[in-house]
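Presented below is the structure to which this report refers.
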Amino acid sequence: MKYFKKIRKSLLFLSSLVFVFGQSALAADEEYSYTVRLYAGNQGQLTGSGISAPANAKVSKSGAEITITGLKYGDTVYMSPQDAAKSTDSKYYVKGIRRSGRDNSEATESSFRVASDRDYVIAYGISGNLVAYRVNYLDEDGNELLGSDTYYGNPGERQYVSSRYIDGYQPQALNMVKTLSTDESKNVFDFRYAPAGEEEEAAPAAGGAAAPAGGEAAAPAGGNAAAPAGDDAAAGGAEDPADAVGGDAAVPVPDEQTPQALQDLDQIEDEAVPEANLDANGNRGGTRMSYLPIYIGIGAAAIAALAATVFYLKRRQKALAVTSDDTDIVELPDDEK
């Protein structure tokens, strides 16, 4: 029994140690701040507007780079690439943003929940027979909350569009994507907003200019041009793409107050479904959260070892008791005692 008590105390101590270490790691991880960088690329320059970030973050512009520091896990950053940059070459137009080190054709969502450090570059398209597309910002009843934005893109291409930050409201989707049509009446993106449960504050864009509430973007000059010679290098010394890990912050229980990461309008039209799938990518590269499964595994192993030890000792104790009951007691004669 003494041996059993020592084992039990050791296992309980190990379990407690794992729990305390895991809690400390999680607490330290919550205090970690993230940085997002946006580079102008080779075909344009940054305007210093078109970006909204939480009040706890700092947005600064330096040359061809905008840096957002002090971001916390789960913070929402809104980027409108067509407002954040302008093309300096009539052969190109601002298409969206891409991850650093990737091709312009790999434009992606520009508003996201922060989960890691990120490097982005403005993505440009080659000006062809451009068509207009309109972005509306509406409440649940279809009333206009902000003035519509009109931008331009090439028909047949998948166009990503970002929602805007609106004080006191939460968008149902942070981004939308749709294949542009030659029929401009079909190129409409309607972002729906619901009153926010908790007011989310947004900081002004770099240079002290608040993100614009609306207005039309001028169409770039048309005309055919040769494709760029290669991938744009991120200006200002962007980090290697292998180091730029990231993904949207995980949303464990989506509800009406949780915006979708991306709404695919092409999918809705093809499959007639009310909503696109929620993108809840919970990868948190470069943080202590990636070690959480290890903490859980160690704790589970300690509990399993404790249970196995208890089971073994009970079986052993029972076997010894049975052996003792079956042993015959032989009485020696008086002369042999």
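The values are calculated or read from the model by the stated rules, or taken from the named source; none is laboratory data. Small disclaimer: the values here were computed from a predicted structure and weren't measured. Here the Cβ positions follow ideal geometry from the backbone for every residue, glycine too, while neighbour counts run over all protein chains shown. Heads up: the accessible areas ignore ligands, DNA and RNA and are worked out on the full protein's heavy atoms, side chains in. Shrake-Rupley method; radii C 1.70, N 1.55, O 1.52, S 1.80 Å.
Among 121-128, 85-92, sorting by the average number of other beta carbon atoms lying within 10 angstrom of each residue, highest first, gives 121-128, 85-92. If I take R0 = 30 Å and measure r between the Cβ atoms of residue 185 and residue 35 in this structure, what FRET efficiency does the formula 1/(1 + (r/R0)^6) give, to the nearest 0.05? Here the calculated transfer efficiency is 0.15. If the segment from residue 157 to residue 194 were pulled out straight at 0.36 nm per residue, it would be longer than the present Cα-Cα gap by 10.3 nm. The figure for residue 140 is an accessible area of roughly 110 square angstrom, using a 1.4 Å probe on the protein chains alone.
Suppose all protein chains stay in the model; what accessible area per residue would a 1.4 Å probe give for the range 72-120, in Å²? Intermediate results must be reported in sequence, preceding the final value.
On the way: 1560 Å² over 49 residues.
In whole numbers, the range 72-120 has 32 Å² accessible per residue.
Extending 7 Å from Cα along the Cβ direction at residue 148 and again at residue 129 yields two label points whose distance is 2.3 nm. Full extension of the chain between residue 267 and residue 301 yields a length gain of 7.8 nm, computed as 0.36 nm times the residue separation minus the alpha carbon distance.
Accessible surface of residue 311, taken over heavy atoms with a 1.4 Å probe and every protein chain present, rounds to 130 Å². If the chain linking residue 315 and residue 258 were pulled fully straight, counting 0.36 nm for each residue of separation and taking away their Cα-Cα distance, it would gain 15.3 nm.
Note on residue 313: accessible area approximately 30 square angstrom, rounded to 10, probe 1.4 Å, nucleic acids and ligands left out.
Between residue 62 and residue 308, the distance separating the two model label sites (each 7 Å from Cα on the Cα→Cβ line) works out to 5.5 nm.
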